[in-house]
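Here the structure comes first, spelled out in structure tokens, and everything after it is commentary.
The values are calculated or read from the model by the stated rules, or taken from the named source; none is laboratory data. Because the structure is predicted, anything quoted here is derived from the model rather than measured. When we count neighbours, we look across all protein chains shown, and the Cβ atoms used for this are built from the backbone with ideal geometry, even at glycine. Ligands, DNA and RNA are stripped out before the accessible areas are found, and what is left, the full protein with its side chains, is counted by its heavy atoms. Shrake-Rupley method; radii C 1.70, N 1.55, O 1.52, S 1.80 Å.
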Amino acid sequence: MTSLDPSFDRKAADWLTGTSFFAFVWQVFGTLHQGSATTFQPKWHVEAMCYELDEAAAGRNRRLVITVPPRHLKSIVTAVAWPAFLLAKDPSAEILDASYGQELARQHSDDFRRVLDAPWYRRLFPRTQVASPGSRGEDVRTTRGGMR
């Protein structure tokens with residue numbers, strides 16, 4: 001089956017990325033690993049984390065603890081993709097991200113900035129822009145008063 005509109009695939013992918021947090025995580029992973037041989041492997045635990053974060057954002061889950069072993073994408077999902085997704089929906093949101101160490105906090109902040117600077121993110125969420133004067137170090141502020 002072929003589409004009559006050659007841009008259909010792009011439009012469908014953009015819609016999915018903008019509405020599904022799981023699809024958004026997939027796109028974030030691709031951005032952070034661009035040019036490497038690492039590929040996103042959609043596993044049930046990533047989908048479960050995304051689902052529970054959606055439930056928490058909707059107020060249906062008021063207490064959430066995510067415990068998965070190291071190297072299972074918990075940091076990318078919770079500290080990079082989730083704040084970027086929340087700010088995409090509400091550029092005035094204020095998000096606090098905590099980490100056990102300064103180096104890890106800096107890495108998460110740098111990855112978060114890479115996502116917000118990615119062409120696909122700027123195209124899909126033009127209202128969410130980094131405010132250059134207000135952003136420094138690990139603090140990232142948006143032009144709409146939001147922050148991570």
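Percent relative contact order of the chain, based on C-alpha pairs within less than 8 angstrom and at least six residues apart?
Relative contact order, the chain: 21 percent.
Straight-line reach only, C-alpha to C-alpha below 16 angstrom: list the aspartates and glutamates that LYS74 could link to, leaving out same-chain residues fewer than 8 apart.
Leaving aside aspartates and glutamates fewer than 8 places away in the same chain, those within reach of LYS74 are GLU47, GLU52, ASP54, ASP97, ASP111.
Whenever you get a sec, compute what percent of the accessible area on segment 59-113 sits on carbon and sulfur atoms (1.4 Å probe).
Within segment 59-113, the accessible surface is 49 percent carbon and sulfur.
What distance in nm separates the two pseudo spin-label positions at ASP139 and SER20, each 7 Å out from Cα along the beta-carbon direction?
About 3.8 nm, to one decimal.
In Å², what does the accessible area per residue of the chain work out to with a 1.4 Å probe?
Accessible area per residue: 64 Å².
Roughly how many whole Å is it from the C-alpha centroid of segment 85-147 to that of segment 39-67?
The two parts, judged by their Cα centres, are 20 Å apart.
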